[in-house]
Amino acid sequence: MKDFVLSQNSAKNNLAIDYAAELNAEQFEVVQNGDGPTLVLAGAGSGKTRTITYRVAWLLEHGVDPENILLLTFTNKASKEMIGRVEMLLGSVAAKMWAGTFHSVANRLLRRYASLIGFQPNFSILDQDDAKDLVSLCIKELKIDTKEKRFPSAGVLHGLISYRSNKKSTLESVVENKNPKFLPIIEEIKQVSNLYTKLKFEQNAMDFDDLLLKLLDLLRTRPDIESQLSEQFQYILVDEFQDTNVVQAEIVHRLAKAHQNLLVVGDDAQSIYSFRAAEIRNILSFPDEYQSANTYKLTKNYRSTPEILSVANAVIEHNKDQFPKDLEAIVSKGAKPLVVPATHSNQEARYIADQLQQIYSDGAALSDIAVLFRAAYHSQALEFELMKRDIPYEYRGGMKFFERAHIKDAVAHLRLFHNVKDGMAWVRALRVHPGLGLVTANKIAKQCAEVEDVKHVVSMEISGKKAAAGWGGFLRILKGMLGGRRLPSDLIKTFSASKEYQQYLENEYPNHHERLDDLEQFSIFAEQFEDIGDFLEAVSLTDEYNADRKSAASQNQGDHEEEDRLILSTIHQAKGLEWDHVFVINLVEGGFPHSRAYSEQQGIEEERRLFYVAVTRARKQLYLTYPVSAGFDTLEIKQPSVFLDEIPQSAVEFVRLRQPKSSFEPSWKAKKSSWKGDFDDGYDEPTIVLNDSGDYSVPPSQGKIKVGKSSFLRNLDEL
């Protein structure tokens with residue numbers, strides 16, 4: 001290790017950069033003393049990228065050959081940004097560095113050594129679509145009847161195989177934890193996986209997971225190559241180390257064997273990707289892996305106000321499995337974060353929309369504002385409100401709510417109740433069933449169009465074994481929907497609860513749980529409507545809005561202009577970004593934290609880290625909002641998120657929402673006050689009452705009430 005430790009004397013000789021002046025004391029300490037095993041705990045907004053950049057520059061200025069430096073990142077953008085900054089500081093010398101994502105560096109190395117593991121240097125790299133197509137081919141070659149057995153889709157199977165690879169686990173354990181319903185067909189899944197591996201090898205092709213796995217195999221099976229590479233890479237720097245999986249971590253440790261000049265930078269408090277097989281133990285156990293490791297903390301935050309950081313610090317300190325640290329604000333004092341209880345998700349949405357308009361009228365750009373949420377379905381009420389007000393927004397982390405396939409599936413079934421002659425609705429509703437392809441579905445649609453009401457199709461028979469089986473599955477859903485009230489909400493609930501559609505989602509999509517959550521939220525939204533026609537008209541307005549926006553965007557592209565848009569994003573997609581104004585919504589138990597977190601090992605701690613990430617995206621103002629009830633026909637009381645309970649009341653201000661006295665006033669008035677009083681929005685929604693002790697209840701006259709599974713009310717006797 002000592003062969004390449006930088007000379008302390010050379011640190012004073014002819015440096016182009018005044019490091020002490022360019023960096024704060026914490027950053028400078030890392031840059032000049034980063035030899036040997038080094039763990040850098042970089043808090044949110046603490047200048048992590050700047051620190052890594054200047055560390056690379058320091059190495060180059062002290063005579064380390066660029067080809068002896070390895071910089072590993074998680075995105076090409078991050079790698080290019082760091083190299084670009086170094087080149088701005090020192091010129092083109094950094095161009096010869098080994099820098100890039102784990103996959104790009106692995107690809108570069110495997111091109112050199114592919115023949116040693118049985119591949120040719122010109123191997124192909126399969127993208128996600130290629131990989132799914134090859135899995136589909138494996139299913140066909142194995143002659144698995146996917147229609148009869150409701151076999152998982154190629155996308156679901158590839159997701160299981162990929163997770164197994166990145167977790168270095170077995171298919172049995174992955175299926176048991178993620179899709180236990182597939183355990184009866186585990187042997188067939190193994191056959192697909194084995195054939196997939198065989199065909200990739202025969203075709204001289206690798207998928208993205210293989211790039212890492214094959215590199216690791218090379219290092220394990222060829223000690224001479226491992227020694228050669230670890231000798232070459234005198235200094236290794238790894239960005240976002242908390243997001244590495246077990247495969248990536250082992251590659252790093254093996255490459256660092258010769259010199260052990262390994263500097264890993266990350267923040268355990270922002271480890272939020274376990275669903276992608278990221279392993280937080282990699283960063284937490286680093287000091288155990290390297291007994292001589294030095295640990296540095298970057299805690300000076302250049303992004304957020306002290307008030308925002310006080311909330312972040314207060315919540316994250318409740319995690320037990322972490323490196324404790326408190327972020328310290330460098331920017332000046334600002335406003336306290338606002339906690340905003342709303343009676344219902346619609347009132348929450350209206351409040352947010354009003355605040356958006358006020359912030360915008362005060363001179364801020366919409367793109368300086370973000371609304372963040374734990375799960376995609378949390379945005380539904382807000383999206384509808386934004387569309388009604390014609391507020392442009394950009395959705396990150398998936399498709400907009402009303403554009404999602406499963407939402408359109410539910411709408412298609414309701415369209416049949418409204419207009420039995422709707423051919424395209426028939427085609428969409430039928431095609432989710434095995435044996436009903438486009439041609440067959442279109443023929444059935446023409447037959448069904450001849451009846452007067454959808455209930456009359458129940459007696460119809462379809463020829464052909466596979467088509468008849470698919471038609472039988474559709475009829476079971478239809479009969480269930482016909483057996484209840486023809487209210488939009490009831491129809492959606494029955495549709496989404498059907499065994500047939502749930503099996504379809506589980507077999508077709510890796511995120512079937514999230515899609516069912518979407519449908520549950522959609523049914524709650526539909527409770528506002530008693531007439532199917534009115535409901536479908538409201539939903540169709542969203543299609544018109546989206547079409548107008550796409551048309552406007554197309555025209556703007558032609559004019560080389562971009563429309564200013566609000567950002568709606570899942571928190572996972574927001575990591576690494578920042579905005580002046582941030583709303584974190586639906587902060588209720590079961591929503592955020594998600595209900596499944598309580599049944600998963602370390603689940604609540606990761607949810608808390610996710611909340612920490614959301615809070616630290618805000619620069620100037622933070623809004624924490626939640627509805628205290630859900631539903632219209634049946635009222636469900638929601639318990640505020642445990643994370644709100646972990647914030648000292650002195651660190652925030654509570655907002656009381658009231659209905660305006662006249663229609664000429666703004667839609668809402670946000671009145672800062674203590675958390676007391678009553679909520680009275682004047683709409684046809686249940687009124688939630690907060691008493692003087694801060695507890696809330698619903699007056700007995702409100703009708704049907706149920707308490708959510710995770711709700712704990714102190715005033716249950718008042719319900």
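The values are calculated or read from the model by the stated rules, or taken from the named source; none is laboratory data. Everything quoted here is computed from the prediction, not taken from an experiment. So basically every Cβ, Gly included, is an ideal-geometry build from the backbone, and we count neighbours across all protein chains shown. Accessible surface is based on the protein model in full, side chains and every heavy atom, while ligands, DNA and RNA are left aside. Shrake-Rupley method; radii C 1.70, N 1.55, O 1.52, S 1.80 Å.
Numbers for the structure displayed
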item	result
Residues satisfying the stated conditions in the range 195-207, i.e. open to solvent by less than 90 Å² (accessible area, probe 1.4 Å) and either touching a Pro at 6+ places or on another chain (Cβ under 7 Å) or assigned to a helix (DSSP H, G or I) (or both)	Leu195, Tyr196, Thr197, Leu199, Lys200
Members of the range 139-158 that are surrounded by 21 or more Cβ atoms within 10 Å (Cβ to Cβ), modelled with pLDDT of 90 or more and not aliphatic (A, V, I, L, M)	His158
Selection count where residues are not polar (S, T, N, Q) and not in a helix (DSSP H, G or I), scope the range 60-97	11
Residue pairs meeting the criteria (Cβ under 7 Å; at least 6 apart or on separate chains; first among the basic types (Lys, Arg), in the range 106-135; second surrounded by fewer than 19 Cβ atoms within 10 Å (Cβ to Cβ))	Arg111/Pro121; Lys132/Gly155
Answer residue from the range 418-465, given it is of a type in the set (Lys, Arg) and either modelled with pLDDT of 90 or more or in a helix (DSSP H, G or I) (or both) and is nearest to the chain's Cα centre (by Cα) among those	Arg428
Matching entry among Lys333, Lys297, Lys325 (being free of Cβ contacts under 8 Å to residues at least 40 places away in the same chain and out of contact with any Cys (no Cβ under 9 Å at 6 or more places or on another chain))	Lys333
Filter result (in contact with a Phe, Trp or Tyr (Cβ under 7 Å, 6 or more places away or on another chain), over 22 Å from Arg515 (Cβ atoms) and not hydrophobic (A, V, I, L, M, F, W, C)) within the range 356-400	Asp368
Pairs where the first residue, in the range 564-577, is closer than 15 Å to Phe74 by Cβ and the second is modelled with pLDDT of 95 or more and open to solvent by 10 Å² or more (accessible area, probe 1.4 Å), C-beta under 8 Å, 6+ apart	Lys575/Gln270
Residues satisfying the stated conditions in the range 112-149, i.e. in a strand (DSSP E or B) and among the small types (Gly, Ala, Ser)	Ser124
Residue that is over 24 Å from the mean Cα position of the chain (by Cα), aliphatic (A, V, I, L, M), closer than 18 Å to Ala249 by Cα and open to solvent by 20 Å² or more (accessible area, probe 1.4 Å), where the choices are Ala99, Ala106, Ala95	Ala99
Single residue of the range 169-187 satisfying the filter (among the polar types (S, T, N, Q) and open to solvent by 60 Å² or more (accessible area, probe 1.4 Å)) that is modelled with the lowest pLDDT	Asn177
Where a residue in the range 463-481 is under 12 Å from Val432 (Cα atoms) and its partner, wherever it lies, is outside any loop (DSSP other than H, G, I, E, B) and among the small types (Gly, Ala, Ser), with Cβ under 8 Å and at least six apart	Phe474/Ala429
Residue among Phe373, Phe402, Phe384 that is of a type in the set (Phe, Trp, Tyr), touching a Lys or Arg at 6+ places or on another chain (Cβ under 9 Å) and in contact (Cβ under 8 Å) with a residue 24 or more places away in the chain	Phe402
Pairs, first over 17 Å from Lys455 (Cβ atoms) in the range 421-437, second open to solvent by 20 Å² or more (accessible area, probe 1.4 Å) and aliphatic (A, V, I, L, M), C-beta under 6 Å, six or more apart	Gly435/Ala469
Yes/no for Thr494 being polar (S, T, N, Q) and modelled with pLDDT of 90 or more	yes
Pairs, first of a type in the set (D, E, K, R) in the range 21-49, second open to solvent by 10 Å² or more (accessible area, probe 1.4 Å) and part of a loop (DSSP other than H, G, I, E, B), C-beta under 9 Å, six or more apart	Glu26/Gly47; Glu26/Thr299; Glu29/Leu23; Asp35/Met1; Asp35/Val5; Asp35/Leu6; Lys48/Glu240
Matching residues, the range 130-161, being of a type in the set (Asp, Glu) and either farther than 25 Å from Gly435 by Cβ or touching an Asp or Glu at 6+ places or on another chain (Cβ under 9 Å) (or both)	Asp130
Breaking point among (1) in contact with a Ser or Thr (Cβ under 7 Å, 6 or more places away or on another chain); (2) under 18 Å from Phe495 (Cα atoms), for Leu478	(1)
Criterion (open to solvent by 10 Å² or more (accessible area, probe 1.4 Å), touching a strand residue (DSSP E or B) at 6+ places or on another chain (Cβ under 8 Å) and at pLDDT below 95) met by exactly one of Ser345, Ser361, Ser292	Ser345
Answer residue from the range 224-282, given it is without any contact (Cβ under 8 Å) to a residue 24 or more places away in the chain and not acidic (Asp, Glu) and is surrounded by the most Cβ atoms within 10 Å (Cβ to Cβ) among those	Arg281
Strands (runs of 3 or more DSSP E) (entirely within the range 578-679) containing at least 2 residues that are modelled with pLDDT of 95 or more, of a type in the set (A, V, I, L, M, F, W, C) and buried (at least 24 other Cβ atoms within 10 Å of the Cβ)	579-584, 618-627
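Residues are listed down the side, and each one gets a yes or a no for (1) among the hydrophobic types (A, V, I, L, M, F, W, C); (2) open to solvent by less than 30 Å² (accessible area, probe 1.4 Å); (3) on the phi > 0 side of the Ramachandran plot; (4) touching an Asp or Glu at 6+ places or on another chain (Cβ under 6 Å):
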| site | (1), (2), (3), (4) |
| --- | --- |
| Phe401 | yes, yes, no, yes |
| His413 | no, yes, no, no |
| Leu416 | yes, yes, no, no |
| Met424 | yes, no, no, no |
| Arg431 | no, no, no, no |
| Cys448 | yes, yes, no, no |
| Asp453 | no, no, no, no |
| Met460 | yes, no, no, no |
| Lys465 | no, no, no, no |
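Results for (1) at pLDDT 95 or above; (2) more than 22 Å from the chain's Cα centre (by Cα); (3) hydrophobic (A, V, I, L, M, F, W, C), shown as yes or no for each residue.
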position	(1), (2), (3)
Ile189	no, yes, yes
Asn204	no, yes, no
Leu215	yes, yes, yes
Ser230	yes, yes, no
Leu237	yes, yes, yes
Ala269	yes, no, yes
Phe275	no, no, yes
